[in-house]
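First the structure, in the form of structure tokens, and then the observations on it.
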Amino acid sequence: MRFHIQQESDIPASTQLYNQICFAIAARHYPPGHRLPSTRQLAMQTGLHRNTISKVYRQLETDGVVEAMAGSGIYVRDQQKPREIKPPPGPRNRVLPDAERQVRESIDGLLNGGCTLQQARDMLTREIDWRLRCGARVLVSTPREDIGASLLIAEELAPSLEVPVEVVPMEELEGVLETSNNGTVVTSRYFLQPVEAIAKRHGVRAVPVDLNDFHQELNLLKELRSGSCVGLVSISPGVLRAAEVILHSLRGNELLVMTANPDTGSRLLALLRAAGHVLCDRPSLPLVEQSLRQNRSQLMRMPVVHCAQSYLGGATIDQLRKEIGVLAA
């Protein structure tokens with residue numbers, strides 16, 4: 001698989017490469033155990049500096065997507081195998097102003113409420129231990145058939161949390177938690193019930209995240225004239241199914257709707273030929289733009305591409321930070 005960096009894009013080149021590698025792995029272009037191209041090979045292919053590519057590989061390793069083998073290279077990690085979690089440096093251990101005063105006031109409050117010092121100590125220890133366990137890592141889990149939804153969630157969570165974020169198919173979640181039950185499992189509300197059942201068996205918490213309301217995108221679709229063709233492109237089949245249902249509820253049969261995953265070349269090309277407007281998620285955007293450039297001569301007109309910049313709701317990341325005890329930056 002070849003990677004392409006769109007220099008004119010507002011998305012940083014390192015993010016474009018990270019997203020494309022994640023997609024290639026999720027789509028099994030690179031199966032577990034596959035050796036990824038060297039930094040030199042990727043530099044020649046993409047035009048990026050080798051330091052930038054090394055930074056992307058380090059981030060992929062931190063996120064549990066790949067593993068580095070000294071003297072051998074970078075390999076796609078088998079998600080069924082446990083790995084040592086090394087929390088990246090961040091502000092979560094930073095001492096807050098007046099922290100000692102706040103601790104004393106909290107203990108005084110417990111004592112005034114009738115607790116003994118031993119009881120106060122036990123309660124504080126249990127709460128701290130619980131939060132440390134919950135905040136050790138975040139496991140994003142959805143069924144394997146819609147692992148793209150996990151990738152979308154993880155992509156937005158990773159920059160905002162000071163803990164490792166891993167993508168684990170729901171079918172493999174049981175085995176991962178048997179190895180280590182530290183952490184918090186995150187999923188979309190659609191998959192909460194089965195994920196929560198697995199999490200409870202191992203004494204960990206399952207937290208749903210709320211999706212973006214896609215207000216701008218919905219307003220655009222409401223204003224399209226009847227008979228327009230709309231293309232929907234996403235790495236998540238579940239997103240595509242939900243978007244079709246929502247669009248039909250808004251416009252009935254007034255619009256022709258086509259869907260495609262960005263790795264299905266012929267289907268994507270047919271969509272780009274027919275659609276006047278294309279809506280896609282961020283990981284799909286580089287591949288949509290690449291297909292448009294490569295097939296410009298086959299297109300009677302260029303569709304207008306709209307990229308949804310956010311998959312998660314505005315408040316859901318802040319809420320998750322509080323849930324797992326990560327301090328505000």
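The values are calculated or read from the model by the stated rules, or taken from the named source; none is laboratory data. The shown structure was predicted, so the numbers you read here are calculated from the model rather than taken from an experiment. Glycine also receives a Cβ, built like all others from the backbone with ideal geometry; neighbour counts cover every protein chain displayed. Just the protein is used for accessible areas: all its heavy atoms, side chains included, with ligands, DNA and RNA removed. Shrake-Rupley method; radii C 1.70, N 1.55, O 1.52, S 1.80 Å.
Brief remarks follow.
- Difference of contour (0.36 nm per residue) and Cα-Cα distance, Glu172 to Gln309: 46.4 nm
- For region 142-203, the spread of Cα positions along each principal axis, largest first, Å: 29, 25, 17
- For the chain, with all protein chains in place and a probe radius of 1.4 Å, 52% of the accessible heavy-atom surface sits on carbon or sulfur.
- By the rule of a C-alpha distance below 20 Å, with chain neighbours fewer than 8 residues away ignored, the aspartates and glutamates paired with Lys222 are Asp213, Glu244, Glu254, Asp281.
- Per residue accessible area in Å² of the chain, where ligands, DNA and RNA are left out and the probe is 1.4 Å: 53
- Ile53, Ile25, ranked by accessible area, largest first (probe 1.4 Å): Ile25, Ile53
- Convex hull volume per residue in cubic angstrom - Cα atoms of region 209-270: 87
- Highest-fluctuation residue, Pro12, Pro169, Pro262 considered, GNM on the chain with Cα pairs under 10 Å: Pro12
- Along the axis of the charge dipole computed for the chain (Cβ charges of +1 for Lys and Arg, -1 for Asp and Glu, origin at the Cα centre), the listed residues Asn181, Leu17, Leu124 are led at the positive end by Leu17.
- In this entry, region 1-82 is assigned a mean projected area of 5.3 nm², taken as a quarter of its C-alpha convex hull surface.
- Among Leu218, Leu117, Leu255, the largest mean-square fluctuation in a Gaussian network model of the chain (Cα springs under 10 Å) belongs to Leu117.
- Of Asn212, Asn112, Asn253, the one that fluctuates the most in a GNM where the chain has Cα springs shorter than 10 Å: Asn112
- Under 15 Å of direct C-alpha separation, and excluding same-chain neighbours fewer than eight residues apart, Lys55 reaches these aspartates and glutamates: Asp63, Glu67.
- Estimated translational diffusion coefficient (Stokes-Einstein, Kirkwood radius over Cα pairs, 20 °C, 1.002 mPa s) of region 180-329: 123 µm² per second.
- Considering the chain at the alpha-carbon level, its Rg and Dmax are found to be 22.6, 79 Å.
- Per principal axis, descending, Cα span of region 226-311 in whole Å: 35, 27, 21
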